[in-house]
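As structure tokens, the structure follows; a few thoughts come after it.
The values are calculated or read from the model by the stated rules, or taken from the named source; none is laboratory data. Keep in mind the model is a prediction, meaning the values are calculated, not measured. We place every Cβ from the backbone using ideal geometry, glycine too, and count neighbours over all the protein chains shown. Accessible surface areas use protein heavy atoms only, side chains included; no ligands, DNA or RNA. Shrake-Rupley method; radii C 1.70, N 1.55, O 1.52, S 1.80 Å.
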Amino acid sequence: MKSRLISLLCFASATISSLAAARPNIVFIFTDDHCEQALSAYDPSRMTTPNMDRLAREGMLFNRCYVTNAICGPSRAVILTGKHSHLNGFMTNGNSFNGDQQTFPKLLQKVGYQTAVLGKWHLKTTPQGFDHFQILPGQGAYYNPAMRVMGKDGREVPTKVTGYTSDIITDLTLDWLKEKRDDSKPFMVMCQHKAPHRNWQPGPDYLTWLDDKTIPEPDTLYDDYKGRTSAASEQTMEIKRHLSANDLKLNKPRGLNPEQLEKWNAAYGPKNEAFEKAKATMSEKEIIQWKYQRYVKDYLRCVKSVDDGIGRILDYLDESGLAKNTIVIYSSDQGWYLGEHGWYDKRWMYEESLRTPLLVRWPGAVKAGSRNEDIVSNLDFAETFLDVAGVKVPSDMQGRSIVPLLKSEAPKDWRKSFYYHYYEFPGAHSVARHYGVTNGHHKLIHFYQKEEWELFDLKKDPNEMKSVHGDPNYAAVQKLMETELARLRKEFKVPEIDPSRPKRQKKPKAVKKK
Ligand code: CA
């Protein structure tokens, strides 16, 4: 009896330790505003990203990863909670994240994972659910950023770091992996870059990279916004009209030290001088073309420094032997306009900002070089990380683990349609509030404060230039999409009345009666 008990105990402890050994580590590499158009595994026409491409080559590329609300803070809150913005409370960048609520890092900690977040946080409140953090305050600076570090008692300590943000965030991630974590535990680390967020300040190694190249213009660079609702023409995010001197690097940059500034001036000085001289004789179109080249090249330069950082992390995972049992995920908080519709920025439910890159490498589970066309989302990330770690997904999370898709075993009842909701109006870039539904073929958008609708046939009109809403030929499709939209709003418990209260949207004061 006694020996049987001992052998049972031995079996149990062996099972527990082998389970512990089997639990994969999670490396989540995340950028801010990185679109598929600037990632060569998706689109090789503008630049090459060899290290991101390596993840695609050794793992799975998702061709339809949609975000639920295409803006920074809200996307991050969705990822942490697995819930739509109206339920996690972070609907616009004017909100503050309630860190007391359920998040996936907290649930991973509970089952013995070590957790850390390094880089951009953008949720205002102190991170909870992490054994270590070192984050940028707010948007953070590209050069020599101030940072918020977790002190010994868990409270924040302010610090300042010299260097370029993408290099710093990579260094911090590697330092945590090599020196700071407990080797006996599985880990989950979030390496969250600032780049390539506006105002796209390139790192010191890439200030003149691409100078000798002309980046191709998108088909819709000179869009006139006809064929859609009034929303498309009322925004303030046009390359033609809204880029500032700061965005275009025509001003002296702030925050650089003398050495960095010297390099900067050596790179931009001659280019700016040439532009100032030529400007008077340039046509309106030539000015747009110049702005486009300046803007896109700076953006691509920022992406390049992130790609280098990814290479360093992948190299370390190889050298340390961690690669075999580590799932590496690359994604961004939403997509971006690289001149499509004449725009920079994000926010819209149109394809360029609705989509975000998603690459997953997981040796032994994901077939190398595979590609997935199912509709997945940042709403699924929390559920996926929990599933990878063997944690039961809480029933109040609204996404679904993509682990079966990673194993090329897509469930028959995987989602065929997707709900989107953007709230930040009035706000930066004046994009009207809207919600909508897409199934990858058709897309119905409701600008609800305007009571205007758009319907797109993405197969016939992939650039979304002409709404077919109200077109009798699309009456049946429109009806189907309206029904699907109502079904999803009910399923996700979206309140009838928009629950967001951006700071800038105070009710007008009642006029006092005389
Ligand atoms: Ca962003």
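State all residues of segment 263-285 that are within 29 Å of V161 (Cβ to Cβ) and surrounded by 12 or more Cβ atoms within 10 Å (Cβ to Cβ); if no residue qualifies, say none.
Within segment 263-285, K263, W264, N265, A267, Y268, K271, N272 qualify.
Looking at L379, L406, which one is modelled with pLDDT of 95 or more and in contact with a Phe, Trp or Tyr (Cβ under 8 Å, 6 or more places away or on another chain)?
After applying the criteria, what remains is L406.
Test F90 against the stated conditions and say whether it is touching a strand residue (DSSP E or B) at 6+ places or on another chain (Cβ under 6 Å) and either under 16 Å from H421 (Cβ atoms) or buried (at least 19 other Cβ atoms within 10 Å of the Cβ) (or both).
No; evaluated as a whole, the condition is false for this residue.
Quick one: R148 ticks every box in (1) in a loop (DSSP other than H, G, I, E, B); (2) more than 18 Å from the chain's Cα centre (by Cα); (3) basic (K, R) except a single one, so which number is it?
With (1) in a loop (DSSP other than H, G, I, E, B); (2) more than 18 Å from the chain's Cα centre (by Cα); (3) basic (K, R) applied to R148, the lone miss is (1).
Name the residue that is surrounded by the fewest Cβ atoms within 10 Å (Cβ to Cβ), counting only residues in segment 204-218 that are out of contact with any Lys or Arg (no Cβ under 6 Å at 6 or more places or on another chain) and among the hydroxyl-bearing types (S, T, Y).
If we take residues in segment 204-218 being out of contact with any Lys or Arg (no Cβ under 6 Å at 6 or more places or on another chain) and among the hydroxyl-bearing types (S, T, Y), then T214 is surrounded by the fewest Cβ atoms within 10 Å (Cβ to Cβ).
State which residue is nearest to C72 (Cα to Cα) when the search covers only segment 338-366 and only residues that are touching a strand residue (DSSP E or B) at 6+ places or on another chain (Cβ under 7 Å) and away from the ligand (no atom under 16 Å from the Cβ).
Of all residues in segment 338-366, those touching a strand residue (DSSP E or B) at 6+ places or on another chain (Cβ under 7 Å) come to 342-343, 347, 349, 354-362, 366.
If we keep only those that are away from the ligand (no atom under 16 Å from the Cβ) as well, we get 342, 359-362, 366.
Values: G342: 21, L359: 19, V360: 21, R361: 24, W362: 27, V366: 29 Å.
Step by step, filter segment 338-366, then rank; the result is L359.
Going by what's in this entry, would T326 be described as closer than 21 Å to R198 by Cα, among the β-branched types (V, I, T), at pLDDT 95 or above and open to solvent by less than 10 Å² (accessible area, probe 1.4 Å)?
Against the criterion (closer than 21 Å to R198 by Cα, among the β-branched types (V, I, T), at pLDDT 95 or above and open to solvent by less than 10 Å² (accessible area, probe 1.4 Å)), T326 does not qualify.
Scanning segment 178-191 for residues that are assigned to a helix (DSSP H, G or I) and either small (G, A, S) or closer than 16 Å to M150 by Cβ (or both), which turns out least open to solvent (accessible area, probe 1.4 Å)?
Out of the qualifying residues, it is K180.
What are the residues in segment 368-388 that are out of contact with any strand residue (DSSP E or B) (no Cβ under 7 Å at 6 or more places or on another chain), in a loop (DSSP other than H, G, I, E, B) and either surrounded by 15 or more Cβ atoms within 10 Å (Cβ to Cβ) or charged (D, E, K, R) (or both), if any?
Passing the criteria: E373, D374.
Working only within segment 287-337, note down all residues that are among the aliphatic types (A, V, I, L, M) and within 16 Å of the ligand (Cβ to nearest atom).
Those that are among the aliphatic types (A, V, I, L, M) and within 16 Å of the ligand (Cβ to nearest atom): V303, V306.
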